[in-house]
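Before any comments, here is the structure.
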């Protein structure tokens, strides 16, 4: 096969793919949303119940997520309200909300697993939830080619603000040696090659299960 | 592969038109080259690098833990682009499957609605989570083409 023949074959093969697959921003949004699904699986796995809701009390009529980060208390967006038998403690899982870091500055949090009391406080006061109310935070990067060092630096800054041991970075590509070296021996976690139904997603789920167990204990 | 350099450029052009963002990611990785520990360099490569360094200051050596970079060949750049396309498609299928399972387990329609965070803004987008047989066939065809090309590149 020559290069020209290869391009012609790929172009021909890609043509029938519907327009839904050619919007890059949408794929990144769906990748974030699939990590939300991984977090709800973690709740199920430790015998919790995740109500997929938009108002906190009734089941949501659809999966409705933000296309860009927003305020927790605004809009009819889908989140998970998580309960466990034998305890009044509850968690909420939100997608694409601002969380106030240790400096007081609000940061975009792709997936936020929050103490429900902190979420309720946020809604009541129209103030951003504080990092202290986070049980876990995930930064999703829809990188199918190996991300550069800037992604690692950005994540380290975010983790310093939201809590090193609560923060995880996930992306589908294989991580470079440089990125691995930068993030090695730190309390925050990086999950490379994370495809939502793959092995890395199961490792992330197990990590979140442990975070939730520790919080429940 | 004959014409690998042109194929790489043509593929990036195709991605720019069809999959915004993907071309930039590939270019970024291709420009970085392969980075690894100097201890993993071939002896000949390491000696050549040290010889060039010694021209500046005699006796210079590269430490085993130093990071060395080797640029991608045309074939390797093309392989990066093809592998990225494969992964992009795998992720597209996997995200939809995972979200469809979430929707099904909560008796919701297999669809995600994406909206701007500000209620005042317009621009809601409904994304179906069911992968049509036509799309499945197209994805399988792309993967067959890229798989064959990558096996020839190795």
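Of the numbered conditions (1) in contact (Cβ under 8 Å) with a residue 40 or more places away in the chain; (2) more than 7 Å from chain A (Cβ to nearest Cβ), residue B:152 satisfies every one except a single condition; which is it? Checking residue B:152 against (1) in contact (Cβ under 8 Å) with a residue 40 or more places away in the chain; (2) more than 7 Å from chain A (Cβ to nearest Cβ), the one that fails is (2). Of the strands (runs of 3 or more DSSP E) lying entirely inside region A:113-217, the ones with 1 or more residues being at pLDDT below 95 and touching a strand residue (DSSP E or B) at 6+ places or on another chain (Cβ under 8 Å) are found at A:189-191.
Only one of the numbered conditions (1) more than 20 Å from residue A:164 (Cα to Cα); (2) within 11 Å of another protein chain (Cβ to nearest Cβ) is violated by residue A:95, and that is (1). One residue stands out among those in region A:68-92 that are away from chain B (no Cβ under 14 Å) and buried (at least 22 other Cβ atoms within 10 Å of the Cβ): the one that is nearest to the chain's Cα centre (by Cα), which is A:92. Screening the candidates A:136, A:131, A:126, A:100 for the property of being away from chain B (no Cβ under 13 Å) and surrounded by fewer than 17 Cβ atoms within 10 Å (Cβ to Cβ) yields one hit, A:126.
Scanning for something in contact (Cβ under 8 Å) with a residue 60 or more places away in the chain, crowded, with 16+ Cβ neighbours inside 10 Å and within 14 Å of chain B (Cβ to nearest Cβ), does region A:160-171 turn up at least one residue? The answer is yes; a qualifying residue exists. Residue check: residue A:105 meets all listed conditions (1) closer than 26 Å to residue A:142 by Cα; (2) free of Cβ contacts under 8 Å to residues at least 40 places away in the same chain; (3) surrounded by fewer than 19 Cβ atoms within 10 Å (Cβ to Cβ) but one, namely (2).
Within region B:87-108, one or more residues are under 17 Å from the mean Cα position of the chain (by Cα) and more than 7 Å from chain A (Cβ to nearest Cβ). Residues that are within 26 Å of residue A:171 (Cβ to Cβ) and in contact with a helix residue (DSSP H, G or I) (Cβ under 7 Å, 6 or more places away or on another chain) number at least 3 in the following helices (runs of 4 or more DSSP H) confined to region B:1-100: B:4-18, B:22-32.
Do we have residue A:16 as free of Cβ contacts under 8 Å to residues at least 40 places away in the same chain, over 30 Å from residue B:81 (Cα atoms) and surrounded by fewer than 19 Cβ atoms within 10 Å (Cβ to Cβ) here? Criteria not met by residue A:16. The set of residues in region A:184-199 being more than 11 Å from chain B (Cβ to nearest Cβ) and either buried (at least 18 other Cβ atoms within 10 Å of the Cβ) or under 13 Å from the mean Cα position of the chain (by Cα) (or both) consists of A:188, A:189, A:190, A:191, A:192. Considering (1) farther than 30 Å from residue A:11 by Cβ; (2) at the interface with another protein chain (Cβ under 10 Å from one of its Cβ atoms); (3) buried (at least 17 other Cβ atoms within 10 Å of the Cβ), the lone condition that residue B:35 does not fulfil carries the number (3). Go through the residues of region B:55-71 one by one and say whether even a single one is more than 9 Å from every other protein chain (Cβ to nearest Cβ), surrounded by 13 or more Cβ atoms within 10 Å (Cβ to Cβ), over 24 Å from the mean Cα position of the chain (by Cα) and over 28 Å from residue A:38 (Cβ atoms). Checking region B:55-71: at least one residue is more than 9 Å from every other protein chain (Cβ to nearest Cβ), surrounded by 13 or more Cβ atoms within 10 Å (Cβ to Cβ), over 24 Å from the mean Cα position of the chain (by Cα) and over 28 Å from residue A:38 (Cβ atoms).
Looking only at region B:101-154, residues that are assigned to a helix (DSSP H, G or I), touching a helix residue (DSSP H, G or I) at 6+ places or on another chain (Cβ under 7 Å) and under 18 Å from residue A:77 (Cα atoms) come to 1 in all.
The values are calculated or read from the model by the stated rules, or taken from the named source; none is laboratory data. What you are looking at is a predicted structure, and each value in this text was computed from that prediction instead of being measured. When we count neighbours, we look across all protein chains shown, and the Cβ atoms used for this are built from the backbone with ideal geometry, even at glycine.
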